[in-house]
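Participant: One structure is given below, represented as structure tokens, and several questions about it will come after.
The values are calculated or read from the model by the stated rules, or taken from the named source; none is laboratory data. Predicted model only: the values in this text are computed from it and were never measured. Glycine also receives a Cβ, built like all others from the backbone with ideal geometry; neighbour counts cover every protein chain displayed. Accessible surface is based on the protein model in full, side chains and every heavy atom, while ligands, DNA and RNA are left aside. Shrake-Rupley method; radii C 1.70, N 1.55, O 1.52, S 1.80 Å.
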Amino acid sequence: MAKHSSVPATDRTSVIYRALWHAIIEQALQPGAKLPEDAIGEKFGASRTIVRAALAQLAAEGLVELRRNRGAAVATPSWAEARDIFDVRLGLERLVVGKLAGALGRDQIKALKAHVDAEEAARGSNAALSIRLATSFHIRLAEMTGNPVLARYVSEVASRCGLILALYSRPHSSECAVSEHRAIIAALAAGDAARATTLMDHHLDAVADRALISAHPPKERDIQDILAPYALEATVKKKRKS
């Protein structure tokens, strides 16, 4: 039986949500993977009610499907909706670069460059982290607009694109190109909105074009084994804050 900690339920919900989000974006949890509340709760020392709240949040973002009488599972986007999702993402990220061109401060530009440096460092040594950082780059850009609605929509759509790539992308092609991210930063720093938009359009089209109309067979793994490193990461962060 899971040992429930004295940490407030909202905090534990956030920890589980973030851990599952990371596992899904990093493709450790593949589309269609079952998400049993009891197993997740045991790994994080949380009640099923808290786990259910985290799953509901992920479901609202389109990353999880809550199936009646069958439990939750990682969402499985159809090929038919894949192009539509990428088209929506393209429109949203055009808004982002339009707002940021010439408006970024030095610290923001420095932070973006450091983020891309981390992407590049992870590519050869930690493929899962590299995938997560590539997605987070776009979310971070949206957050820098100061528009929480735009940031939320970009986060949801970028995350759903990650699911699509997990299902349909060519091998070793689900990561954004680091050089394309660097070029976008340079255009934004220069205040060239037209070039930044063109680069973002090309970049997202290239990401979408990496997808194929063939699903990858799912890999069967125990969910507690999958979530072990994410639970450990959450524990380490909690100790650092103490």
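Participant: Would you check which residues across region 30-49 are in a helix (DSSP H, G or I) and either among the polar types (S, T, N, Q) or under 24 Å from C161 (Cα atoms) (or both) and list them? Steps first, answer last, please.
Facilitator: The first filter runs over region 30-49 and keeps only residues in a helix (DSSP H, G or I), leaving 37-44, 48-49.
The answer is T49, and nothing else.
Participant: Does region 77-96 contain at least one residue that is closer than 22 Å to R195 by Cβ, part of a loop (DSSP other than H, G, I, E, B) and modelled with pLDDT of 95 or more? Give the steps one after another, and end with the answer.
Facilitator: We begin by selecting, within region 77-96, every residue closer than 22 Å to R195 by Cβ; these are 86-87, 89-96.
Still in the running and part of a loop (DSSP other than H, G, I, E, B): none.
No; the residues of region 77-96 include none that is closer than 22 Å to R195 by Cβ, part of a loop (DSSP other than H, G, I, E, B) and modelled with pLDDT of 95 or more.
Participant: Within region 34-74, how many residues turn out to be touching a residue at least 60 places away in the same chain (Cβ under 8 Å), open to solvent by 10 Å² or more (accessible area, probe 1.4 Å) and in contact with a Pro (Cβ under 7 Å, 6 or more places away or on another chain)?
Facilitator: Kept after step one, since they are touching a residue at least 60 places away in the same chain (Cβ under 8 Å), are these residues of region 34-74: 34-36, 39-40, 42-44, 61-63, 74.
From the residues that got through so far, the ones that are open to solvent by 10 Å² or more (accessible area, probe 1.4 Å) too are 34, 36, 39, 42-44, 61-62.
Next, from what is left, pick out any that are in contact with a Pro (Cβ under 7 Å, 6 or more places away or on another chain): none.
The number of residues fulfilling the criteria is 0.
Participant: Show the residue pairs meeting these rules: Cβ distance below 7 Å; 6+ apart or different chains; first residue within region 96-123 and within 13 Å of L141 (Cα to Cα); second residue surrounded by fewer than 17 Cβ atoms within 10 Å (Cβ to Cβ) and acidic (D, E).
Facilitator: From region 96-123, the pairs are A101/D192.
Participant: Tally the residues that are at pLDDT 95 or above and not in a helix (DSSP H, G or I), restricting the search to region 103-141.
Facilitator: 3
Participant: Which ones in region 75-87 are touching a Pro at 6+ places or on another chain (Cβ under 9 Å) and buried (at least 18 other Cβ atoms within 10 Å of the Cβ)?
Facilitator: Filtering region 75-87 down to residues touching a Pro at 6+ places or on another chain (Cβ under 9 Å) leaves 75-77, 85.
Result: A75, P77, I85.
Participant: Restricting region 131-164 to residues that are among the hydrophobic types (A, V, I, L, M, F, W, C) and in contact (Cβ under 8 Å) with a residue 60 or more places away in the chain, which is nearest to A118 (Cα to Cα)? So that I can check it myself, show each step before the final result.
Facilitator: So the first thing to find is which residues in region 131-164 are among the hydrophobic types (A, V, I, L, M, F, W, C), and the list is 131, 133-134, 137, 139, 141-142, 144, 149-151, 154, 157-158, 161, 163-164.
Keeping just the survivors that are in contact (Cβ under 8 Å) with a residue 60 or more places away in the chain gives 131, 154, 157-158, 161, 163-164.
Values: I131: 11, V154: 21, V157: 23, A158: 19, C161: 21, L163: 22, I164: 24 Å.
Per the criteria, the residue is I131.
Participant: Output the number of residues of region 141-166 satisfying the condition of being open to solvent by less than 50 Å² (accessible area, probe 1.4 Å) and in contact with a Pro (Cβ under 7 Å, 6 or more places away or on another chain).
Facilitator: 3
Participant: Separate question: From (1) out of contact with any helix residue (DSSP H, G or I) (no Cβ under 7 Å at 6 or more places or on another chain); (2) hydrophobic (A, V, I, L, M, F, W, C); (3) modelled with pLDDT under 95, pick out the condition that doesn't hold for A190.
Facilitator: Just one mismatch for A190, condition (3).
Participant: Oh, and also: For region 89-108, give me each residue that is buried (at least 16 other Cβ atoms within 10 Å of the Cβ) and among the hydrophobic types (A, V, I, L, M, F, W, C).
Facilitator: L90, L92, L95, V96, V97, L100, A101, L104, listed by residue number.
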